[in-house]
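Have a look at the structure below before the remarks.
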Amino acid sequence: EETNHYYPFGGVFASAGNVQPYKYNGKELDAKKGLNWYDYGARHYDAVLGRFTTNDRFAEKYYSMSPYQYGANSPVGNIDVNGDSIRVYTETQSFGHTWISVGEGSNMTVYSYGRYNGTNKGPDRSSNSLGNGSGVLLKLMGDEAKAYNDKKAAGGMSVFVVTDVADEKVANILDEKFNMSTTMPDNPKSDYYNSSSARIIDEYKLTSNNCTTMVSDVLNKSGSNALKETRLQQTSNFGTWTTIPIVNRFILPISMQNHLVRISKPGGVVYKTR
């Protein structure tokens, strides 16, 4: 059993055992060559100084504070959040699905778009993959969000963190979509029948307005570069090429997943965690 006792800013003053690297606030301690920095994903944190080692790229939102500060200089009452905890999830079993979340832990909000008004079910509740119908956006928070992701994880899913846009931007886009309607699923066959966490926002169309196009549109509108790339195209002059910018709008979950896997790298715009 491992026990650690910390100073307010994360320095260890007493410990028993050392069996795992995840310590203060659940972050991994990099102790190589006496470094003793905590890995917060986008930045490292030095508990001796009570400061991050690089500045906060969202510092313009908190101009009254140092861009290196931790927890607003009050670590007993505050936990420093990443501010870029956007995750894109893909599952490719059966017909597949793509969804997105913002925030961490109990503050996570899951947004999932699909045919949650029973239109993806036949009369005997069997799967009806070709059914269009009501497009329902789920906004799941707290225990609901955790239960949704836990169920998906049990069936197998991939998870990608998008680092180049703030949670707030993505949440605002999706909240606007969610709040544009007050109509809840009205089909008793729906798992979200009359649920306040579900809103019918438009018409679901299998090949042009589905779960994957929804996530694509949100990422692109937020300003993220996750789905942007350049491709070579031959010019009218023989043997010469030029680059053209591409903004992807994926339709299939497997296409989204393959793209994110291809560009995923530690410290990049996208990195894979599962």
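The values are calculated or read from the model by the stated rules, or taken from the named source; none is laboratory data. Keep in mind it's a predicted model, so treat the numbers as computed, not measured. We place every Cβ from the backbone using ideal geometry, glycine too, and count neighbours over all the protein chains shown.
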**OP:** Check the range 225-232 and report whether any residue there is of a type in the set (Ser, Thr, Tyr), at pLDDT below 95 and exposed (fewer than 11 other Cβ atoms within 10 Å of the Cβ).
**Re:** yes
Those residues of the range 171-182 that are surrounded by 13 or more Cβ atoms within 10 Å (Cβ to Cβ) and either of a type in the set (Gly, Ala, Ser) or more than 22 Å from the chain's Cα centre (by Cα) (or both) come to a total of 2
Restricting attention to the range 95-104, the residues that are in contact with a strand residue (DSSP E or B) (Cβ under 8 Å, 6 or more places away or on another chain) and more than 14 Å from Thr212 (Cβ to Cβ) number exactly 3
Evaluate the range 122-132: report whether one residue or more is in contact with a Leu (Cβ under 9 Å, 6 or more places away or on another chain) and modelled with pLDDT of 85 or more.
no
Taking the range 85-113 and the residues there that are touching a helix residue (DSSP H, G or I) at 6+ places or on another chain (Cβ under 7 Å) and not in a strand (DSSP E or B), the one that is modelled with the lowest pLDDT would be Ser85
Subset of the range 46-75, residues modelled with pLDDT of 75 or more, among the hydroxyl-bearing types (Ser, Thr, Tyr) and within 26 Å of the chain's Cα centre (by Cα), comes to Thr53, Thr54, Tyr68, Tyr70
Among residues of the range 194-224 being touching a Leu at 6+ places or on another chain (Cβ under 7 Å) and of a type outside the set (Gly, Ala, Ser), the residue surrounded by the most Cβ atoms within 10 Å (Cβ to Cβ) is Leu219
Sole miss for Leu260 among (1) within 15 Å of the chain's Cα centre (by Cα); (2) surrounded by fewer than 16 Cβ atoms within 10 Å (Cβ to Cβ); (3) modelled with pLDDT of 95 or more is condition (2)
Among helices (runs of 4 or more DSSP H) completely within the range 142-241, the ones holding 2 or more residues that are over 21 Å from Ile86 (Cβ atoms) and either of a type outside the set (S, T, N, Q) or touching a strand residue (DSSP E or B) at 6+ places or on another chain (Cβ under 9 Å) (or both) are 142-155
